[in-house]
Amino acid sequence: MRESRMVNGRNGHGDLMHFFAFGLGYSALHLARRLAANGATLSGTSTSAAGVARLASQGINGYVFDGTRAGESVAKALRSA
């Protein structure tokens, strides 16, 4: 497997990194913070509006997702990730 390093928010191919995680919980949040330290844009889902507000307070684009059906806002975010 080829290793890819991120420099100045760009992946090994020179593209800007946008990390999106379904269920941005403990493990994914740890990875997301490391990526953000290198310039990545972060997005993820939470099951509640309060969870999305917590993500926003950390500079993360948050989207409500109940685990059954992703709305158009989630689909749009995924297209840009």
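With a requirement of 3 or more residues that are open to solvent by less than 40 Å² (accessible area, probe 1.4 Å) and at pLDDT 90 or above, the helices (runs of 4 or more DSSP H) lying completely within the chain that satisfy it span 26-37, 49-57. Among residues of the stretch 68-81 that are under 14 Å from Val52 (Cβ atoms), those with a Cβ under 7 angstrom from a residue that is part of a loop (DSSP other than H, G, I, E, B), sequence gap 6+ or separate chain, pair up as Val74/Phe65. Each residue in the stretch 42-65 was checked for being under 20 Å from Arg79 (Cβ atoms) and of a type in the set (A, V, I, L, M, F, W, C), and 6 pass.
Yes/no matrix, rows are residues, columns are (1) closer than 20 Å to Ser80 by Cα; (2) touching a Leu at 6+ places or on another chain (Cβ under 9 Å); (3) of a type in the set (Ser, Thr, Tyr):
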| position | (1), (2), (3) |
| --- | --- |
| Ala21 | yes, yes, no |
| Arg33 | yes, yes, no |
| Ala36 | yes, yes, no |
| Thr41 | yes, yes, yes |
| Thr47 | no, no, yes |
| Val52 | yes, no, no |
| Ser57 | no, no, yes |
| Ile60 | yes, yes, no |
| Val64 | yes, no, no |
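The values are calculated or read from the model by the stated rules, or taken from the named source; none is laboratory data. Predicted model, so just to flag it, every value in this text is computed and none were measured. Every residue, glycine as well, gets a Cβ built from its backbone with ideal geometry; the counts of neighbours run over all protein chains shown. For accessibility, only protein heavy atoms count, side chains too; no ligands or nucleic acids. Shrake-Rupley method; radii C 1.70, N 1.55, O 1.52, S 1.80 Å.
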